[in-house]
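Accompanying notes for the structure given below.
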Amino acid sequence: QAHRRPAPSVRAALLLAARGTVTSLNDVSDGLASEAWEIAEASGVTLALRDSDLPRSGSMAAYANSCGVNPLEWMLYGGEDYVLLGTIAAADAEPAKAELAEAGLPMFIIGEVEAGGAGVELLRDLDGGSGRSGGGTGRYEVLREQIAKRGYNHFGN
């Protein structure tokens, strides 16, 4: 349904823009990876996306699994989602999420912006997402993977 009858996130964009703390905002119509790379390159930063915080649609994941496809492949490189990806001042992320929730609109905090060269990385918990590997020290190990710079291309093969 979301693919056939997309509902652009105009209301969410207007609420976020009014806050004055959003520094980038892009729709994910060509895929999360593609749009994240656009933001990273335009801003000269690294976007570190946490695999465990990426919202997963149960129906999409079930269908991907039935097709023998890792759902993460479609999440990163699929398209036509028409949701927003952006960056916001860290101090305002939770208050913005609360305001959108009051308006009945979802907001997911899926990563951080890091100084450095332009890039997009996926952070995976090596302990399966519990955040508690490392012998009870309260630290957890994370694997950082470079995300390929690709997505849906209207003019590709």
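The values are calculated or read from the model by the stated rules, or taken from the named source; none is laboratory data. Predicted, not measured: the structure shown is a model, and the values here were computed from it. So basically every Cβ, Gly included, is an ideal-geometry build from the backbone, and we count neighbours across all protein chains shown. When the accessible area is computed, the model is the full protein with side chains, heavy atoms only, and any ligands, DNA or RNA have been set aside. Shrake-Rupley method; radii C 1.70, N 1.55, O 1.52, S 1.80 Å.
Between S59 and A93, the modelled labels are 3.0 nm apart [label points 7 Å from Cα along Cα→Cβ].
Summary of packing: across the peptides 65-72, 144-151, 26-33, the per-residue average of other C-beta atoms within 10 Å ranks them, highest first, as 26-33, 144-151, 65-72. Computed over protein heavy atoms with a 1.4 angstrom probe, the accessible surface ordering of T46, T23, largest first, is T23, T46. Net charge of the neighbourhood of N26, taken over other residues with C-beta under 9 Å away and scored Lys/Arg +1, Asp/Glu -1, is -3. Each of E94, E112 has its accessible area taken with a 1.4 Å probe; listed largest first, they run E94, E112. Taking amide H as placed 1.01 Å from N in the peptide plane, V142 has its amide H under 5 Å from the amide H of L126, each at least 5 places away in sequence or on another chain. Once all protein chains are placed together, W37 keeps about 30 Å² accessible to a 1.4 angstrom probe. Converting phi to 3J(HN,Hα) with the Karplus coefficients 6.51, -1.76 and 1.60 and the offset θ = phi - 60°, segment 13-18 yields 4, 5, 5, 5, 4, 5 Hz in sequence order, with x at every glycine or proline.
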